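The values are calculated or read from the model by the stated rules, or taken from the named source; none is laboratory data. Since the model is a prediction, treat every value here as computed from it, not as a measurement. Backbone-built Cβ (ideal geometry, glycine too); neighbour counts: all protein chains shown. To get the accessible areas, we keep the full protein, side chains included, count just its heavy atoms, and leave off ligands, DNA and RNA. Shrake-Rupley method; radii C 1.70, N 1.55, O 1.52, S 1.80 Å.
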Amino acid sequence: MPSQVALEPAGIILAGGKSSRMGRDKALLKLKGETLLQRGQRLLSEAGCNPIVVSGQNVGGVSDIYQERGPLGGLHAGLQTLLYQPPISSKPLRVLVTPVDMPKLTVCALKRLLDVDSDNPVYYQHCALPCVLSLTPDLLRYIENCLVDHDGDRSIKRLLQSFDAKPIKTDKVEQLVNTNTPAQWHDALKEEQV
């Protein structure tokens with residue numbers, strides 16, 4: 001496996017979910033003239049991420065190698081794509097991972113995660129995503145083992161626990177809310193108009 005590291009962090013947007021509770025692809029919902037996917041790409045870019053990988057074939061991103069495995073399958077596909085980026089440094093590549101369905105997420109919240117000086121993963125104590133991971137052989141091995149184990153815990157939360165992730169506090173928990181249903185999306189749109 002090539003050694004990977006860039007001076008800038010990379011970004012992964014998890015946009016491969018089925019959106020079954022929403023009834024339509026959440027990545028394509030529009031907020032203030034841009035889709036949630038476009039918004040996510042902009043936020044990661046403004047936070048300093050380069051490159052940015054979108055995980056989700058429905059939106060033109062990379063397809064999961066292990067199908068029907070949830071967010072961990074999308075994370076794996078994104079990390080595998082990043083392995084082929086040219087190495088710039090000998091340190092592991094830092095990767096900021098976000099879900100596509102957080103309409104209140106801010107650049108400031110993402111930068112705050114990136115600013116934490118830790119070799120371990122970093123996340124907000126209230127939810128597993130967004131998070132910052134280091135692309136290491138151990139991380140890839142862990143994820144692949146979870147994906148091939150049909151009975152294993154494939155949650156991002158479990159991954160963070162397994163790598164002694166550092167939780168940080170926030171007093172802006174509302175920025176970390178997912179929109180999974182039409183009612184939640186309607187509420188998010190109403191709050192944006194206030």
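Summary table below
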item	result
Solvent exposure ordering (accessible area, 1.4 Å, most first) of ASP171, ASP187	ASP171, ASP187
The chain: most fluctuating residue of LYS26, LYS157, LYS166 per GNM, C-alpha cutoff 10 Å	LYS157
The chain: calculated mean residue ellipticity at 222 nm from DSSP helix runs of at least 4, using -39500 (n - 2.57)	-10000 deg cm²/dmol
Surface share of carbon and sulfur [accessible, 1.4 angstrom probe, percent] for the chain	48 percent
DSSP-defined beta bridges in the chain - what % are antiparallel, rounded to 5	40 percent
Which label in (1) 20; (2) 30; (3) 37 gives the computed percent of Cα pairs over 28 Å apart	(1)
The chain, relative contact order [Cα under 8 Å, separation at least 6], %	26 percent
About the Cα centre, charge dipole magnitude for the chain (Lys/Arg +1, Asp/Glu -1 at Cβ), debye	380 debye
Given charges at Cβ of Lys, Arg, Asp, Glu: the range 1-131 dipole, positive-most of LEU105, ALA47, TYR124	LEU105
GNM flexibility winner over the chain from SER162, SER45, SER134 (Cα, springs under 10 Å)	SER162
The range 15-126 - accessible surface per residue (Å², probe 1.4 Å)	49 Å²
All lysines inside 24 Å of LYS32 as judged from Cα atoms, apart from same-chain residues fewer than 8 positions distant	LYS18, LYS104, LYS111, LYS172, LYS190
